[in-house]
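Participant: Take this structure, written in structure tokens, and hold onto it; I'll ask about it next.
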There are 2 protein chains.
Amino acid sequence: MSGRQTPEPALDRQGDCSTGPRDEGAADGIQHSHRMLSFSDALLSIIATVMILPVTHMEITPEQKSDKSVQNLLATRIAVYLMTFLIVTVAWAAHTRLFQIVGKIDDTLALLNLACMMTITFLPFTFSLMVTFPEVPLGIFLFCVCVIAIGAIQALIVVYAFHFPHLLSPQIEGSAHRAPHRRHILGIILQGPTLCLAAAGFSLFFYPASYLLMATVVFLPYISKAAGWCRDRLAGSREPPAHSLEFTFDLHEPLSKERVEAFSDGVYAIVATLLILDICEDNVPDPKEVKAKFGGSLVAALGTSGPQFLAYFGSFVTVGLLWFAHHSLFLHIRKVTRPMGLLNTLSLAFVGGLPLAYQQTSAFEKQSPRELESVRVSCAIIFFASIFQFAIWTTALLQEGETLQPSARFGGREHAFMFAKLALYPCASLLAFASTCILSRFSTAIFHVMQIAVPFAFLLLRLLVRLALAALRALRGLARPGRTQPAPRAMDDARAPLLPAPC
Amino acid sequence: MSGRQTPEPALDRQGDCSTGPRDEGAADGIQHSHRMLSFSDALLSIIATVMILPVTHMEITPEQKSDKSVQNLLATRIAVYLMTFLIVTVAWAAHTRLFQIVGKIDDTLALLNLACMMTITFLPFTFSLMVTFPEVPLGIFLFCVCVIAIGAIQALIVVYAFHFPHLLSPQIEGSAHRAPHRRHILGIILQGPTLCLAAAGFSLFFYPASYLLMATVVFLPYISKAAGWCRDRLAGSREPPAHSLEFTFDLHEPLSKERVEAFSDGVYAIVATLLILDICEDNVPDPKEVKAKFGGSLVAALGTSGPQFLAYFGSFVTVGLLWFAHHSLFLHIRKVTRPMGLLNTLSLAFVGGLPLAYQQTSAFEKQSPRELESVRVSCAIIFFASIFQFAIWTTALLQEGETLQPSARFGGREHAFMFAKLALYPCASLLAFASTCILSRFSTAIFHVMQIAVPFAFLLLRLLVRLALAALRALRGLARPGRTQPAPRAMDDARAPLLPAPC
């Protein structure tokens, strides 16, 4: 990772930890799965987030525009979106577990993985069918077919990998109980598809039941994990084979921190880009219209969609800073336990909802009764996205010994910093929400300006402090310009606690 | 990288190469830039590729539907898209160079980087303005303003990093000639913005000139690199300060392989997802329409858009296999020289064009004269995307000593494999193109079925070989089931050259 900063270390590190193995590996088509996994992470995170689009693009017909129904519509939209986000993240978690067992890949596994990805990319379509035709069971039926196909492919991957054990992770390759391992793993992988088979059956004559089963599929992993966790608490330690399964399927088994970060980055990146997509699609005026309405003046035409641009920048700043908070948070985290993973998923689900907030605050610009509502929706989304980040931090503090870097533990100098960083957005969004309740009329423009102001105010403050430090250093270390760098750093440390919380 | 496969090594590696430094680093807000860089890579790759959307969504009015004009329209569309793709990749290359100099980041740099990203995300909008209003200079003006803003932010980053040298990469932090370094780097960073300043000026009274300057901005890096390279050839070695600049700005300086892979993965991932986006947006029938036309039968309604689904799967398979080829290619590459980087950019630009191919082959389904054309367009796009991958491979072979893994060098056992893998798509697309010229009528359906057939045929063949091997092993190593794995691998090797080229 630190290999990024200069070419040389990068080459060294490739030399010591990938070129070597890859080299002999490549000779018989065995490859390390690193890059395939990050590609899958990118795909899955984008698919999970893209599912907000059929939600944001649902147009509201005039008769629905009465307050209550709009709120209900929003509620259902958000609920359905969260549900499907969870489904894809469950698929992602299964994928992670799977490739903690399958350590290396060859061409066949790479192709099987691509097939799995292709099936997963089809989920959003089944989802939009479900949303558009809630009474027609076809959507849920197709969904179940997809889940079954995914399960089948993953089972194929497991069987294939156990058939060529040199593809397995060293622990399993070395263990004497490979057969029970395989049974256990296949059992876990096929739980979801089995339920979906039942759901597909129900969808043919009684579809509400299949929606129920679908919900079970989503929450099953967490339920079973919780059950296993309680069993552990009651039973204590176990017999060897079961125990050697631990390292893949224990509740306390940390997820691969790298993959959690990659998945989160994908979500943040695609959300930031969905925003610009809306801008490019909706805010490029139509040439004829420009001629007709604005006498050919493009500037005037663009002027009318000024609020959208403001909304765009506001939302991008929010996404950026939420990523920034997530980034600094995971900088201090050493292990990601499953509860933290779940909290991260929930936080990301709300981050993925930000385009909805953006669309709300930009679309309803004109009608002031909507305006308050839309600002409240945005505040709620931002609040939940940030509060779950905060929850990750507190959960990590509970087991700080195993989850946190020493410098960030309770009372550590980084502790206060992180606390403030993560508390900022919950507080800010609550404040904005409160002000919408107090003020009779609250403009979205003000809201977006607030959003944009946050980082620049912070940046300005930081720069001022930097300049002050520079001035001080200039006064002191004129004699030895080359080697005074350690000094300002020390001073920096001294100042650090005095600094405002970095946004 | 290999740390992915099992939790333990991952933790070890974090222990040895990031936790340690991060730990003391985090203490004064210094962080390693690894994750920020991959986030930037994801963002930039998505933005570069998203720019195909305003192109694919330009509707063709009936009077344009005559063959010639459609072809011209397609040509201009593709040209403009390629241009803008190159612009973003130039920004990405500048970003890469920048963070080869700035080794570590703190909060301020992270925020500055986010600001830079936000400005870059605005480029697609200026681009769509340019496409929609080619005669109105506003688009190009806004574009220039963005480029200038980006340059300013990057200059700010450089100044900031040189002001706190512990943020610089060790080479520069250690060197005695930091001032000339800074001058040199700022000079390079500000080249583009300066040209754009002129372009912005021209756009106010003579906009064609500014389009010309824009083109210069895009190709300037490659021109200047080429010039520098020739100068090296003539002048030979240089004086120390200039020479210590080499490691950041030499033509032969390998790009960070990690970042090239990350950027490419982002492009492939978003292209695969843009495909499903079109599916979700366009192919969910309208409830009223279903009632009216199909008597409420959703299945019948979906049946009409069957060709789109076929096209979707065909295109996804193509994207997936192009990624697969890229993946196996970079598995054998040790260093990415700038020419290889340029070829990779060109290949990715055509990969980003695949949604256009998809839209063509699915939209023109009904009209058979268009059909041939659209298939040809797809073939051309696929051909160029794959031929440039092939070119990367041949370029790498020219300097195989420094660029390739030993096993993949000329005559090496992997060499023939790679050659066949990379030759497959150029040949297949040429074949399809030829058949469109020979056959009077060539159905897109056939084309997509061909696309889908490729990997499954290969997969089937591989599985058969695996089964044969398994049968053989079962006959031989019944006695020692636990430890016979090396044997099949060896046999696999023996078989390998007999296998068909892994797609």
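Participant: Would you mind putting B:269-280, B:141-152 in packing order, based on average other-beta-carbon counts within 10 Å, highest first? Could you put the intermediate results ahead of the total?
Facilitator: Numbers: B:269-280: 24.4, B:141-152: 22.1.
Put in order of decreasing packing, that is B:269-280, B:141-152.
Participant: Which value results for Rg/Rh of region A:297-364 when Rg is the Cα radius of gyration and Rh the Kirkwood radius based on the inverse mean 1/r? Please report the intermediate quantities before stating the final value.
Facilitator: Numbers: Rg = 16.8 Å, Rh = 14.2 Å.
Taking Rg over the Kirkwood Rh, I get 1.19.
Participant: Right, another one. Greater than 27 Å separation of Cα atoms is the criterion. Which listed pairs, A:LYS291/B:LYS293; A:LYS288/B:LYS293; A:LYS257/A:LYS421; A:LYS288/B:LYS291; A:LYS104/B:LYS421; A:LYS257/B:LYS104, meet it?
Facilitator: Numbers: A:LYS291/B:LYS293 37 Å; A:LYS288/B:LYS293 33 Å; A:LYS257/A:LYS421 21 Å; A:LYS288/B:LYS291 34 Å; A:LYS104/B:LYS421 20 Å; A:LYS257/B:LYS104 20 Å.
Among A:LYS291/B:LYS293; A:LYS288/B:LYS293; A:LYS257/A:LYS421; A:LYS288/B:LYS291; A:LYS104/B:LYS421; A:LYS257/B:LYS104, the Cα-Cα distance tops 27 Å for A:LYS291/B:LYS293; A:LYS288/B:LYS293; A:LYS288/B:LYS291.
Participant: Along Cα-to-Cβ, 7 Å out, sits the label point; list in nm, shortest first, how far the one on B:ALA434 is from those in the other copies.
Facilitator: 7.5
Participant: Can you compute the modelled spin-label distance between A:GLU173 and B:ALA198, with each label point 7 Å from Cα toward Cβ, in nm?
Facilitator: 5.9
Participant: On average, how many beta carbons from a partner chain sit within 10 Å of the beta carbon of a residue in A:259-271? All intermediate terms of the calculation are to be shown ahead of the outcome.
Facilitator: Details: counts 2, 0, 4, 6, 0, 2, 9, 7, 1, 3, 14, 8, 0.
Mean partner-chain Cβ count within 10 Å for A:259-271: 4.
Participant: Here's a follow-up. Calculate, in nm to one decimal, what B:ARG476 and B:ALA226 gain on full extension: separation in residues at 0.36 nm each, minus their alpha carbon distance. Each step should come with its number before you reach the end.
Facilitator: Numbers: separation 250, 0.36 × 250 = 90.00 nm, distance 5.97 nm.
Result for the pair: 84.0 nm of gain on full extension.
Participant: Let me ask something additional. When the Kirkwood hydrodynamic radius is evaluated over all pairs of different C-alpha atoms of region B:261-309, what value in angstrom, to one decimal, is obtained? Kindly include the intermediate steps, with their values, before the conclusion.
Facilitator: Details: mean 1/r = 0.0800 Å⁻¹.
Kirkwood hydrodynamic radius for region B:261-309: 12.5 Å.
Participant: When the Kirkwood radius is taken over all Cα pairs of region A:80-145, what Stokes-Einstein diffusion coefficient follows at 20 °C and 1.002 mPa s, in µm²/s? Let's see the in-between values first.
Facilitator: Numbers: Rh = 13.3 Å.
For the chosen part, D equals 162 µm²/s.
Participant: Next question. Over region B:74-198, how many percent of alpha carbon pairs lie in each 10 Å bin up to the one with the longest distance?
Facilitator: Result, from short to long distances: 12, 40, 29, 14, 5, 0 percent.
Participant: Work out how much length B:ALA420 to B:LEU234 would gain on full extension: take 0.36 nm times their residue separation and subtract the Cα-Cα distance, in nm to one decimal.
Facilitator: Computed gain between B:ALA420 and B:LEU234 is 63.1 nm.
Participant: Which of rounded, prolate, oblate describes region B:180-232, given a ≥ b ≥ c as roots of the alpha-carbon gyration tensor eigenvalues and a/c under 1.5 marking rounded, otherwise prolate only if a/b is larger than b/c? Present the calculation step by step, with values, prior to reporting the outcome.
Facilitator: Details: a/c = 4.32, a/b = 1.72, b/c = 2.51.
Verdict is oblate for region B:180-232.
Participant: Oh, and also: What are the nm distances, shortest first, from A:PHE206 to its equivalents in the other copies, labels at 7 Å along Cα→Cβ?
Facilitator: 8.0
Participant: Can you list the distances in nanometres, one decimal and ascending, from the B:THR194 label point to the identical position in each other copy, with the point 7 Å along Cα to Cβ?
Facilitator: 7.1
Participant: Roughly how compact is region B:140-222, stated as its Cα Rg over 2.2 N^0.38 Å to two decimals? The partial results should precede the final answer.
Facilitator: Values: Rg = 15.4 Å, N = 83, 2.2 N^0.38 = 11.8 Å.
Rounded to two decimals, the normalised Rg is 1.31.
Bear in mind these aren't lab numbers, they're just calculated from the coordinates by the rules spelled out. Model, not experiment: these values are computed from the prediction. For neighbour counting, all protein chains shown are included, and Cβ atoms are generated from backbone atoms with ideal geometry for every residue, glycine included.
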